[in-house]
1. Just checking, how many residues over the range 108-143 are in contact with a Pro (Cβ under 6 Å, 6 or more places away or on another chain) and either of a type outside the set (A, V, I, L, M, F, W, C) or crowded, with 22+ Cβ neighbours inside 10 Å (or both)?
2. Suppose we filter the range 72-117 for residues that are free of Cβ contacts under 8 Å to residues at least 12 places away in the same chain and touching a Cys at 6+ places or on another chain (Cβ under 8 Å); how many remain?
3. State all residues of the range 136-157 that are within 20 Å of Leu340 (Cα to Cα) and either polar (S, T, N, Q) or touching a residue at least 12 places away in the same chain (Cβ under 8 Å) (or both); if no residue qualifies, say none.
4. Please verify whether the range 110-119 includes one or more residues that are of a type in the set (S, T, N, Q), under 24 Å from the mean Cα position of the chain (by Cα) and closer than 19 Å to Ile261 by Cα.
5. So how many residues does the range 25-76 have that are assigned to a helix (DSSP H, G or I), modelled with pLDDT of 85 or more, of a type outside the set (S, T, N, Q) and surrounded by 19 or more Cβ atoms within 10 Å (Cβ to Cβ)?
6. Given the range 181-253, what helices (runs of 4 or more DSSP H) lie entirely inside it while holding 1 or more residues that are out of contact with any helix residue (DSSP H, G or I) (no Cβ under 8 Å at 6 or more places or on another chain) and surrounded by fewer than 17 Cβ atoms within 10 Å (Cβ to Cβ)?
7. Look through the range 298-352, keep the residues that are part of a loop (DSSP other than H, G, I, E, B) and among the aromatic types (Phe, Trp, Tyr), and return whichever of them is nearest to Arg149 (Cα to Cα).
8. Which of the numbered conditions does Trp174 fail, given that it passes all the others? Conditions: (1) under 22 Å from Met218 (Cβ atoms); (2) in contact with a Gly (Cβ under 8 Å, 6 or more places away or on another chain).
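The values are calculated or read from the model by the stated rules, or taken from the named source; none is laboratory data. Keep in mind it's a predicted model, so treat the numbers as computed, not measured. Positions of Cβ are backbone-derived with ideal geometry, glycine not excepted, and every protein chain shown enters the neighbour counts.
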Amino acid sequence: MFWINLARCHTRRKTALAVVASGVLAFFVLFTVASCVCPVLEWGHEDAKLLNPPCDFSLRLAEVECLLRGVDPFDVWHGDVELAPYYPHNRPDLCRAGFDVPINAYVPWVYSLMTPFSLLPRRVAWAAYALLMFVCLGGVACGGFLAGRSLSGKRNDGVIAATVPLIMSFYPIWSNFCIGNLAVVVLAAITGMWLCLDRGRDVLAGCCWAVAMVKPQMAILLAVPLLLHRKFLSCLVAAGICLLLSVPPALICKTSVVKLIMEAPAAGVFAFNGCGTFPYFLCSGPGDARGVAIGLAVGLVACLAMSWCVRRSPSWLVRLMPAAVCSMCWTYAQAYTHALGYFMLLLVVLKLLSGRRDRIVLAVAAMSAIFLPRFYTCYSRLASIVGYAPPENLNLTLDSLNSTGSLLVCAMFCLDFCKPAARADPLPGTVFQEG
């Protein structure tokens, strides 16, 4: 019945286009579920992966442990200080007996937030963090449920909006669990921002943005819609929290907060190395600084343009969506960064449930056509069953093509809001009230 209702789209007249779009969406969801069964089972049989902290989480723990010993993690990563058992993450050739724990450098406020985990045994810390990620996903699902239920007041619509976008985002989210990345936390924090801004809670929205800044390369562009709508209080709250959390690490290292913050870009936190969507197509390689700079500028302009297109939407979900989509590929494109594409998927589902089809129906087909090859070639273990092994250099290209497709779909969505009819008929519901 769910897919029949989607095909109808609650419109006065049925169209073949709506049926095709619903069928593509159904196939995409079912394929995603099928393709993810194998990696879950495979990962679950590897006890070491279940029990030991994965790479990104281990790096954060190592940084905090180094900091608690009174040493700036950046100095160890840069090679200025030698401290056992750590070696620079970007220099695997320095790994040796007694120096076998990789370390990186990150933004200082994350050191403060990760300190409680560093006080626990590593396996216990990883279990606690995994539980935190499940809680974050629960919060994201609650946001989708509220958005769906607000359309018609029906609980079924809320359940559909809570589950379908998360299922379609399964692999990016699963990738976060596999490597212990912070992108799921960012996803939940942006969901909190949207809900708080829709209800006029600017201070709480600023707190949520501060949490999202645990990955600044995925959250810094959220400043665009906030500044565009003059949410200066939210910006000040977020900046204040980040600076306040940076003070303890600065005191321990006996240095300034500004110096610690400026060390993060030098350590490659923003990964301006040409592997993001915009830099990828505009530079000749990681060493092409000019091409990377042009790519980043184009990405910023794209975010500004799409945010301007949706500025009259009463929904902060719509207002934040362009920044979220641009953020997932502004500096670099990886599997886990695509978790932010959840917001676009949620809006597509809401559009189908509310009866608005036109460009969004085409967007569903376009998005599915772009995502499906990636699942087949790189993500799906179903590919290995038929003996297909993707080329080694295909992953980066598909990451960027996948992100480019998401940007095109996002642009189509934003252009739809430029039409007077779209602005006059916004998605109804309490979560779409003016913030």
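1. Within the range 108-143, residues that are in contact with a Pro (Cβ under 6 Å, 6 or more places away or on another chain) and either of a type outside the set (A, V, I, L, M, F, W, C) or crowded, with 22+ Cβ neighbours inside 10 Å (or both) number 4.
2. Number satisfying all stated conditions: 0.
3. Those that are within 20 Å of Leu340 (Cα to Cα) and either polar (S, T, N, Q) or touching a residue at least 12 places away in the same chain (Cβ under 8 Å) (or both): Cys136, Leu137, Gly139, Val140, Ala141, Cys142, Gly143, Gly144, Phe145, Leu146, Ala147, Gly148.
4. Within the range 110-119, one or more residues are of a type in the set (S, T, N, Q), under 24 Å from the mean Cα position of the chain (by Cα) and closer than 19 Å to Ile261 by Cα.
5. The total comes to 13.
6. 232-253
7. It comes out as Trp330.
8. Of (1) under 22 Å from Met218 (Cβ atoms); (2) in contact with a Gly (Cβ under 8 Å, 6 or more places away or on another chain), only one is false for Trp174: (2).
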